[in-house]
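Undergrad: First the structure, which I've put down as structure tokens, then a few questions once you've had a look.
The values are calculated or read from the model by the stated rules, or taken from the named source; none is laboratory data. The structure presented is a predicted model; accordingly, all values stated were derived computationally and were not measured. Quick reminder, even Gly has a Cβ in these numbers, built from the backbone with ideal geometry, and neighbours come from all protein chains shown.
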Amino acid sequence: MLRRRINLLFGGDEKRVDSRTIYVGHRPCPATEAFIPPKFCDNRIVSSKYTIWNFLPKNLFEQFRRIANFYFLIIFLVQVIVDTPTSPVTSGLPLFFVITVTAIKQGYEDWLRHKADYEVNKYPVIVLEDGRSIRKESEKIKVGDIVEVVEDETFPCDLILLQSTRDDDTCFVTTASLDGESNHKTHYTVPDTEKDLQSLNATIECEQPQPDLYKFVGRMHIYKTDQEPAVRSLGPENLLLKGATLKNTKKIYGVAVYTGMETKMALNYQGKSQKRSAVEKSINAFLLVYLCILISKAVVCTTLKYVWQSQDGQDEPWYNEKTQKEKDTYVYLKMFTDFLSFMVLFNFIIPVSMYVTVEMQKFLGSFFITWDKDFFDPEIQEGALVNTSDLNEELGQVEYVFTDKTGTLTQNNMEYIECCIDGFQYRNSDSMSELDGFCVTDGPVSKLQQKAGRDKEELFLRALCLCHTVQVKEAGPDEIDSDQVDGLVSELSQPDEQRGFIASSPDEVALVKGAMKHGFTFLGLENKSMKIRNRENNVELYDLLHVLNFDPVRRRMSVIVRSKSGETLLFCKGADSSIFPRVRQEEVDRIRMHVERNATEGYRTLCVAYKQLSPEEFAVADAGLRDARLALQDREEKLMAVYNQVETSMSLIGATAVEDRLQEEAAETMEALQGAGMKVWVLTGDKMETAKSTCYACRLFQRGTELLELTVRTLEDGGRKREERLHELLLDYHKKAVQDAPPVKAGVTRSWSTANQEYGFIVDGATLSLVMNPSPDTNSSRYKSLFLQICQNCTAVLCCRMAPLQKAQIVKMVKNSKGSPITLSIGDGANDVSMILEAHVGIGIKGKEGRQAVRNSDYAIPKLKHLKKLLLAHGHLYYVRIAHLVQYFFYKNLCFILPQFLYQFFCGYSQQPLYDAAYLTMYNICFTSMPILAFSLLEQHIAIEYLLDNATLYREIAKNAMLKWGPFLYWTVLGIFQGLLFFFGVKYLFSNPALQDNGQVFGNWSYGTIVFTVLVFTVTLKLALDTRHWTWINHFVIWGSLAFYVFFSFFWGGIIWPFLKQQRLYFVFANMLSSVSAWLVIILLILLSLLPDILLMVFRKPRGPHARQMKRRLPSSGTSTIFMLSQTTSTHSFSWSD
Amino acid sequence: MASSYSAKEEDGQRAGAPGPAGNANSGKKPDNTAFKQQRLPAWQPILTAGTVLPAFFIIGLIFIPIGIGLFVTSNNIKEFEIDYTGTDSWSPCYNCAQNYSWNSSTPCRCTLPFTLEQPFESNVFMYYGLSNFYQNHRRYVKSRDDSQLNGDLSSLKYPSKECEPYRLNENKPIAPCGAIANSMFNDTLELYYIDPNGTQTLIPLMKKGIAWWTDKHVKFRNPGGSNANLTAVFQVSTKPVNWRNPVYELDSDPENNGFINEDFIVWMRTAALPTFRKLYRIIQKKNNMTPTLPRGNYTLEVVYNYPVNSFEGRKRMILSTISWMGGKNPFLGIAYITVGSVCFFLGVVLLFIHHKYGNRNNSSDIPN
């Protein structure tokens, strides 16, 4: 039978391409007729993008795909081709600079990648070949090679573990560099492989490479002479991933299955999709406006030029004849080239340097987040992490915060609180006597021994000890075999307390520790048998037959063990909702009360059930499980089916309550976020009651908040059809929350301290899917919009019982709603990844549930409390800085180019530049770039402490307030005003160009230089006026830039430059300074240009620290559970003193 | 090994977006420096009515006297302007303007009488002014070869392309090439004082010091050094088409001949606006007793060479004294007085506001 199946599968191989066959050690095996070594890629890792040869073309191509770079390239080409007023250098040099800097940066990054690649690829490894160990370079490993890895080495490719030096055929690895989880994971050898790898004759069949780190399906055929080939199933527990490190194991042998770019690590290199910030969108909108200004300027000038030229004698006076070429050109072509020339002349209005400055600001600015010592968590010895610097300013724009509960709002630091066995409650005996008022009313509280039958107790505790996947950390042999424990129940010996457990979920550790408190200690897993020490200090051994793994869909896990007496037992633990339907009803009733009360108190509850399997039952289950595990396709589904089949008609023995403490300062953080006008939504997979109490504890729901519930429970209340009830409730809530609510002004001005009735909204996953995907006959879109409107009018929304994908769905719904609000998701677990990726800003918490959230986030912080500073201080400042940067850049280029435009009216529309080419080029690069860059990095218009204390300040910049059309118009008008002033002020001065005291006259370059000097000083001083935070750096760059301008002008005009065709500026600047009139006009114009700004600053209502702030006093909150509980039990009517 | 992996991972994730983080920060406590914690000591100026108020008064108090000073100075500058274009038939130069031809060998002369109502006391500067003459036209501005003008011999032989269409004439390079040089102003202006008794005295006009010193001595140089025979040096080239004499015959004085002729240098400094004036001559004060130009009657003798009718231009002769602020220009004085007054006025308004509403502002200044 087995044989037939193998043949069947082999036969299928030709057709199926989604599996690969690997010949272990490249030895042909008897099952296949001809040994054809299959082609797989080699083990070379290529993470670099470029080679020396293709770097230039490829990099240039990539860079010019950016629309801005392409635009400047076009301008440059126009300058080269057409006879334009400014030399190609003026736009070519900045473009060249930008392109070069970017290319160098990318080249450097690529070089680093090359270096890392080289290091990895040349790393020596030992490969077993023909019985000998051969040193090879890592890149030469081929699929099928048997590789030797010693302790603390990383695996050079994805290996199937064949042999380990450990006795129990396991090895430990840490995947810290893959997913950040630093705990040791156990991997198993393929069972029953031969000790002598040389004679091992086997093939491995496995799926084609795929990026999921935690999934692997494969099968190994072992051929032995004169025997039926044996088949072993291979799972992720047999696969050693490239990048992981071998620990606690001397040496292993494994066969390479995936190499090089096909390893799971390499497949995970792929970048995330780029997120764009709202500021970037604003920049693009402004760019469009400026492009329109640019084109209309060019059109106006071109038109006027031809109108003017049509007059007699103006087109070609005798003193200024055209060249033959010009005469020969067609009029329309000439018009077109004239248009292009004007475009080129005015193109400085859209500066290349803005992109550079914005990029630099973002890049350098994000260092402040990593440097912030307030984000440093001494516990994990890590600070904040910035994965992308593109979204810094978005942190200041957040309107919706989606937060995970477990691990984010709560610590995910599980503490066993109590258990309930057969309807009787057992609390940790130490604290029993101190327990006060709020404790149980529904069950007697007393010593463990006086409760449910001893058998039941022990069964329950054994269940806790056995039903898990916890490992015992091996600190040393002495500690494990430590001396006997004499205290039975409450007395715990020191070594036990110190014993480290490692588990994927902290709940399990808490439960095992809980069982320890009651006298049952889990000693570890050895040779597939679990050792526990019972209350009598006897060691019991159980053979671990199967582990039915936990998964979020089933929400439970089981183990099948065989005791020494030969009984086969199944222990199952899981969420109440998943256990209750699978046990007898009368048992449920006894325990349900406890479970629900515990849930209301904010504990995580798990129910424990067991089942005795008859040998027949076990045989069926065993076969089913083995079959399912061997399946290559749909293994998950098949396993699931078997699991569901096995885990039936169990008997409930008890329930546990584990407390998950609130994160430090969770309540303050939430309060601050709400005060800042953000709406906080809690998205959790947890039960409604637990989540609700967490919400109260975090003050997301306040005393007066009216809760609108839309859950399965409320839907089933009416006894009618769900859809009808849903419709009714939605309309009802909508009326309450949306229609009857007083109109809200502009969304953000509503203060939470007003007397308005506040609403909290609760929805669960099942109902949500009803709302999101209703049956086709109902008016579906209506539900969604009703739902959304209700949600948007509530101060806090709680979504419980959410699947990960539903979380993302919610985020997406809000993200795409009217006004496209900026969303932020924060979470710590793998189940939050989807919502982190979906939201505008994804924040990962470096929590205990691994590093997946951190890896996929844009920013990662160690604790929830850091979110407050990240948003209120960093986000606020970044936004203000970049908004100012953008506005300032447009402004300074507008008043730079406007005089040049106006000059066209006085030079016969001939595209004569007002400024010298050097000034045109240097203006944005040197003279005015550094002060704004320093400003945009250092400005703190309001002190950080003050920002943190006054969350309401965050509302002032909400909705992209500083980049709306209003402020943009102000800056534009200011630019136009100053541009007009510069040009006409100097023009009136030049009505008599004899400006020197020796009667000599100034020419056109002096004119331009005076305008330019006024310009540089004005825009720099304008920035100085806006600077509220003058550090020495600001002083240095602002005054330094001005000094540099003066120095440069002297220098540039002081030498006859041999490479210049025309010595236009020769001594122009020096002569200008020798004229008193020039000095006077410069001072006058600078002052006059800044006057409106000064006035506005004085007249405008003082902002920031000087604004009147109402401070509300709130009770100091901690993470006290007592507080949280008193809230929930007293029907949420706690009071505070004001 | 592990770190190199993680570095790569970072790179892959960011895909071009520069992120500074990653490798550096893990497991390391950030430095507690003022810069990194954004706590650099900083001066935080706050512009309030209280701080700006004195500034306004000070600006007002400084600007108004300066403005008055400028205005008075400008008013004290004597300026006389006479238009000699000859567009009107009654004008003495009408004939010259009408019968103009480039090739006429006999120069056309016209005489314009005028009267100075007031004596010009100090040095008098004589300007010629042109209107509607676009010296700032792009094609015109760039039509020159500065290296040729700097005495570069190769540029003398092969002038820059920018000089087109005034680069070559009959296959000989033009020196000085380009439209600017070609259209050099070539009217000759002479000033005669008519004594009350009727005798005409030629007023001596000085042509030294009308161009920028640096232009004359550095930027413009004759080819072949200062002592070379200009005639020989310029033999390879030909004169600009509109010129009557070649460049080495601009003046008899070798210090003012060729490219370093000051009239030429002044012309080569292109004007900023289509209406401009250029310094032509300086009439130096003789002694302290007599004014440089006493009040009375004068005649301006013009050798009319320069046609402006074709583009509706105007030609003027301007006599002006000069003060420390340059020529006569009331703009600066008026502007200073206006701005000063506005500042002062604003100061008063602010003071009023500050006084009336100041208390409230003050109390809000104190952060709780």
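Undergrad: Taking the stretch A:933-974, which residues are closer than 19 Å to A:Gly677 by Cα and touching a Leu at 6+ places or on another chain (Cβ under 7 Å)?
TA: Once the filter is applied, which keeps residues that are closer than 19 Å to A:Gly677 by Cα and touching a Leu at 6+ places or on another chain (Cβ under 7 Å), the stretch A:933-974 yields A:Ile942, A:Leu947, A:Leu948, A:Ala951, A:Leu953, A:Tyr954.
Here is a yes/no grid of residues against (1) touching a residue at least 40 places away in the same chain (Cβ under 8 Å); (2) facing chain B (nearest Cβ under 9 Å); (3) crowded, with 24+ Cβ neighbours inside 10 Å; (4) of a type outside the set (S, T, N, Q):
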| position | (1), (2), (3), (4) |
| --- | --- |
| A:Phe905 | yes, no, no, yes |
| A:Gln911 | yes, yes, yes, no |
| A:Ala917 | yes, no, no, yes |
| A:Ile944 | yes, yes, no, yes |
| A:Ala951 | yes, no, no, yes |
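Undergrad: Give the residues of the stretch A:197-230 that are in contact (Cβ under 8 Å) with a residue 60 or more places away in the chain and hydroxyl-bearing (Ser, Thr, Tyr), sorted by residue number.
TA: Matches in the stretch A:197-230: A:Thr203, A:Tyr223.
Undergrad: Quickly run through the stretch A:371-390 and pick out the residues that are closer than 10 Å to A:Ala860 by Cβ and facing chain B (nearest Cβ under 7 Å).
TA: Residues satisfying the conditions are A:Glu382, A:Gly383, A:Leu385, A:Val386, A:Asn387.
Undergrad: Moving on. Within the stretch A:102-152, track down each residue that is within 14 Å of chain B (Cβ to nearest Cβ) and within 16 Å of A:Val255 (Cα to Cα).
TA: Once the filter is applied, which keeps residues that are within 14 Å of chain B (Cβ to nearest Cβ) and within 16 Å of A:Val255 (Cα to Cα), the stretch A:102-152 yields A:Val125, A:Ser138, A:Val149, A:Val150.
Undergrad: For the stretch B:93-112: of the residues being of a type outside the set (Ser, Thr, Tyr) and under 21 Å from B:Asn245 (Cβ atoms), which is surrounded by the fewest Cβ atoms within 10 Å (Cβ to Cβ)?
TA: B:Asn103
So that you can scan it fast, the table gives a plain yes or no per residue for (1) within 30 Å of B:Val124 (Cα to Cα); (2) among the small types (Gly, Ala, Ser); (3) within 14 Å of chain A (Cβ to nearest Cβ); (4) without any contact (Cβ under 8 Å) to a residue 24 or more places away in the chain:
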position: B:Asp31; (1), (2), (3), (4): no, no, yes, yes
position: B:Trp43; (1), (2), (3), (4): no, no, yes, yes
position: B:Thr48; (1), (2), (3), (4): no, no, yes, no
position: B:Ala55; (1), (2), (3), (4): no, yes, yes, yes
position: B:Phe63; (1), (2), (3), (4): yes, no, yes, no
position: B:Leu70; (1), (2), (3), (4): yes, no, yes, no
position: B:Lys78; (1), (2), (3), (4): yes, no, yes, no
position: B:Ser89; (1), (2), (3), (4): no, yes, no, yes
position: B:Tyr94; (1), (2), (3), (4): yes, no, no, yes
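Undergrad: Restricting attention to the stretch A:55-78, does a residue exist that is in a helix (DSSP H, G or I), closer than 15 Å to A:Phe348 by Cα and either within 14 Å of chain B (Cβ to nearest Cβ) or of a type in the set (Lys, Arg) (or both)?
TA: Yes, some residue in the stretch A:55-78 is in a helix (DSSP H, G or I), closer than 15 Å to A:Phe348 by Cα and either within 14 Å of chain B (Cβ to nearest Cβ) or of a type in the set (Lys, Arg) (or both).
Undergrad: The conditions are (1) under 20 Å from A:Asp1026 (Cα atoms); (2) modelled with pLDDT under 85, and A:Leu1085 fails exactly one of them. Which is it?
TA: Result: A:Leu1085 fails condition (2) only.
Undergrad: So, in the stretch B:314-342, how many residues would count as being at the interface with chain A (Cβ under 7 Å from one of its Cβ atoms) and surrounded by fewer than 17 Cβ atoms within 10 Å (Cβ to Cβ)?
TA: Result for the stretch B:314-342: 1.
Undergrad: Mind checking which residues of the stretch A:1044-1067 are of a type in the set (A, V, I, L, M, F, W, C), more than 9 Å from chain B (Cβ to nearest Cβ) and either without any contact (Cβ under 8 Å) to a residue 40 or more places away in the chain or under 30 Å from B:Leu149 (Cβ atoms) (or both)?
TA: A:Val1046, A:Phe1047, A:Phe1048, A:Phe1050, A:Phe1051, A:Trp1052, A:Ile1055, A:Trp1057, A:Phe1059, A:Leu1065, listed by residue number.
Undergrad: Looking only at the stretch A:392-417, how many residues end up being of a type in the set (Asp, Glu) and surrounded by 24 or more Cβ atoms within 10 Å (Cβ to Cβ)?
TA: 3
Undergrad: Next question. Identify, please: which residue in the stretch B:129-154 is in a helix (DSSP H, G or I), facing another protein chain (nearest Cβ under 10 Å) and among the hydroxyl-bearing types (Ser, Thr, Tyr) and is, among those, nearest to A:Ser1006 (Cα to Cα)?
TA: The selected residue is B:Tyr140.
Undergrad: Considering only the stretch B:284-303, I want to know if a residue exists there that is part of a loop (DSSP other than H, G, I, E, B), touching a residue at least 24 places away in the same chain (Cβ under 8 Å) and within 30 Å of A:Gln904 (Cβ to Cβ).
TA: The answer is no, given that none of the residues of the stretch B:284-303 is part of a loop (DSSP other than H, G, I, E, B), touching a residue at least 24 places away in the same chain (Cβ under 8 Å) and within 30 Å of A:Gln904 (Cβ to Cβ).
Undergrad: Hey, another quick one. Examine the stretch A:284-298 for a residue that is closer than 23 Å to A:Arg20 by Cβ and modelled with pLDDT under 85, and state whether such a residue exists.
TA: Within the stretch A:284-298, not a single residue is closer than 23 Å to A:Arg20 by Cβ and modelled with pLDDT under 85.
Undergrad: Quick check on the stretch B:165-174. Is at least one of its residues more than 11 Å from chain A (Cβ to nearest Cβ), within 30 Å of B:Tyr304 (Cβ to Cβ) and of a type in the set (A, V, I, L, M)?
TA: Checked the stretch B:165-174: at least one residue is more than 11 Å from chain A (Cβ to nearest Cβ), within 30 Å of B:Tyr304 (Cβ to Cβ) and of a type in the set (A, V, I, L, M).
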